[in-house]
Amino acid sequence: MPRLSEVLTALDVLWPAERAEEWDAVGTVCGDPDAGISRVLFAVDPVQEIADEAIELGAQLIVTHHPLYLRGTTTVAASTFKGRVVHTLIKHDIALHVAHTNADTADPGVSDALAGALDLRVVRPLVPDATDPHGRRGLGRVCELDHPETLGEFAARAAKRLPPTAQGVRIAGDPDALVRTVAVSGGSGDSLLDVVRAADVDAYLTADLRHHPASEAVQQSPLGLVDAAHWATEWPWCEQAAAQLDEISDRHGWGLRVHVSPTVTDPWSSHHTSGAPN
Ligand SMILES: [Zn+2]
């Protein structure tokens, strides 16, 4: 059975901490480097439900995409909801490790997993990492479809292939417009709208698109917008990352059991279509 420190060394090769954005908080939140690891749980959000799920599974390590504490804290008292998570984890000898923007820009990264979930052919990063000589790392991905389809059909495919959420998938733009090329970016994507427009793609699949950036984007160009739930656009990364750790475990003969949490931790829990009959 590998020690936590050995597993973390392997994870750091996949997602080096120094490739995270400066504002980000990645790495190990809690855990004893000498603890033995036999089961690992991957999830998007380090919330109480995921900590409880790890206890149930008997996992000694949770790897999440989102940080527990993005900024510093002066308390981990169990009277705070984040402190409660920390208490739960430490009481049950469960380590927590975070790979956030260092996983976004990795090769393969969060947006490769999103593209893979929809069977899109990745052409290049949307915002390439200048330090990557192979030109594969970076933020977002520009992709091609095998066969052109309408924006409506593309959105329906996203709704079918991504895990179900209350939000589902919304589109902005002409649903009958033909889509041959798309940009994808897992997580909040409106800061990339200018780069997406410059990439001259037919559609952009992302999450958390706000009114003004979305309105301006569709007024300025025929770009179709496909907005899925933030959690759903990043969840495919958990499966990709779990497969990567499985492969590492096989190579080292670690015998790790690697799980992906099916729990929907998107905060939106219900959706009502406006104007629908009661
Ligand atoms: Zn995110």
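Here, each number is a calculation from the coordinates, and none is a lab measurement. Here the structure is a predicted model, which means the values were calculated and not measured. So basically every Cβ, Gly included, is an ideal-geometry build from the backbone, and we count neighbours across all protein chains shown.
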Report task. Using only Cα atoms, locate the centre of the range 73-137 and the centre of the range 161-221, then give the distance between them in Å, rounded to an integer. Result -> 21
Query raised in the report: Hey, what angle do you get for helix 211-220 against the long axis of the chain, alpha-carbon based, 0 to 90 degrees rounded to 10?
Result: 40
Report task. Quick one: angle between helix 48-57 and the longest Cα principal axis of the chain, in degrees between 0 and 90, rounded to 10, please. Result -> 60
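With r defined as the distance between the Cβ atoms of residue 220 and residue 84 and R0 fixed at 41 Å, what FRET efficiency is calculated, to the nearest 0.05? If you can, show how the numbers build up before the last one.
Details: r = 45 Å, r/R0 = 1.11.
Working from the Cβ atoms, E equals 0.35.
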Query raised in the report: Cβ under 13 Å from residue 35's Cβ, residue 35 left aside: what net charge do those residues give with Lys, Arg +1 and Asp, Glu -1?
Result: -2
Report summary line: Note on the range 105-230, DSSP bridge orientation, antiparallel percent to nearest 5 equals 65
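Mind checking the full-extension length gain between residue 161 and residue 70? Use 0.36 nm per residue of separation minus the Cα-Cα distance, one decimal, nm. It would help to have the intermediate numbers written out before the result.
Working: separation 91, 0.36 × 91 = 32.76 nm, distance 3.00 nm.
Value of the extension gain: 29.8 nm.
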Report task. Calculate, for residue 195 and residue 174, the FRET efficiency according to 1/(1 + (r/R0)^6) with r their C-beta to C-beta distance and R0 25 Å; round to the nearest 0.05. Result -> 0.70
Requested in this report: Work out the P(r) tail for the range 105-230: percent of alpha carbon pairs separated by more than 17 Å, whole number.
Outcome: 51
Query raised in the report: Over the range 105-230, what is the mean sequence separation of C-alpha contacts under 8 Å (at least six apart), divided by residue count, expressed as relative contact order in percent?
Result: 24
**Report entry** Per residue, the convex hull volume that the Cα atoms of the range 4-102 enclose (Å³)
**Finding:** 91
Query raised in the report: Which whole-Hz couplings ³J(HN,Hα) result when phi for each residue of the range 254-270 is put into the Karplus expression 6.51 cos²θ - 1.76 cosθ + 1.60, θ = phi - 60°, listed in order with x for Gly and Pro?
Result: 7, x, 5, 9, 10, 10, 10, 5, x, 5, 7, 10, 4, x, 7, 10, 7
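Which value in deg cm²/dmol, rounded to the nearest 500, describes the helix-derived mean residue ellipticity at 222 nm for the chain, given -39,500 (n - 2.57) per DSSP H run of n ≥ 4 and division by the residue count? Could the numbers behind the result be given before it?
Working: 9 runs with 94 residues, N = 278.
Computed ellipticity for the chain at 222 nm equals -10000 deg cm²/dmol.
If one computes P(r) from the Cα atoms of the chain, what percent of pairs lie at distances over 35 Å?
Values: 7655 of 38503 pairs.
When all Cα pairs of the chain are counted, 20 percent exceed 35 Å.
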Report task. Give me the distance in nm between label points sitting 7 Å out from Cα along the Cα-to-Cβ direction at residue 123 and residue 13, one decimal. Result -> 3.3
Query raised in the report: What are the residues whose amide H is under 5 Å from the amide H of residue 259, where those residues sit 5 or more places off or on another chain and H is modelled from the backbone?
Result: 40, 41, 42
Requested in this report: For the range 63-71, take each phi angle, set θ = phi - 60°, evaluate the Karplus expression 6.51 cos²θ - 1.76 cosθ + 1.60, and give the result in whole Hz per residue in order, putting x for glycine and proline.
Outcome: 10, 10, 7, 8, x, 6, 10, 7, 10
Requested in this report: Please list the non-local residues whose amide H lies under 5 Å from the amide H of residue 123, H modeled 1.01 Å from N, same-chain partners needing a gap of 5 or more.
Outcome: 142, 143, 144
Query raised in the report: Using a ≥ b ≥ c from the Cα gyration tensor of the range 187-238 (square roots of the eigenvalues), is it rounded, prolate or oblate, where a/c under 1.5 gives rounded and otherwise the larger of a/b and b/c decides, a/b for prolate?
Result: prolate
Report task. Using Cα pairs closer than 8 Å and at least 6 residues apart in sequence, work out the relative contact order for the chain, in percent. Result -> 19
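Output the relative contact order of the range 4-102, whole-number percent, from Cα pairs under 8 angstrom with separation of 6+ residues.
Details: 173 pairs, mean separation 37.8, N = 99.
Averaging sequence separation for qualifying contacts and normalising by length gives 38 percent for the range 4-102.
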Query raised in the report: Which whole-Hz ³J(HN,Hα) couplings does the range 161-177 yield from phi under the Karplus relation 6.51 cos²θ - 1.76 cosθ + 1.60, θ = phi - 60°, glycine and proline marked x?
Result: 7, 7, x, x, 9, 4, 5, x, 10, 10, 10, 10, x, 6, x, 9, 5
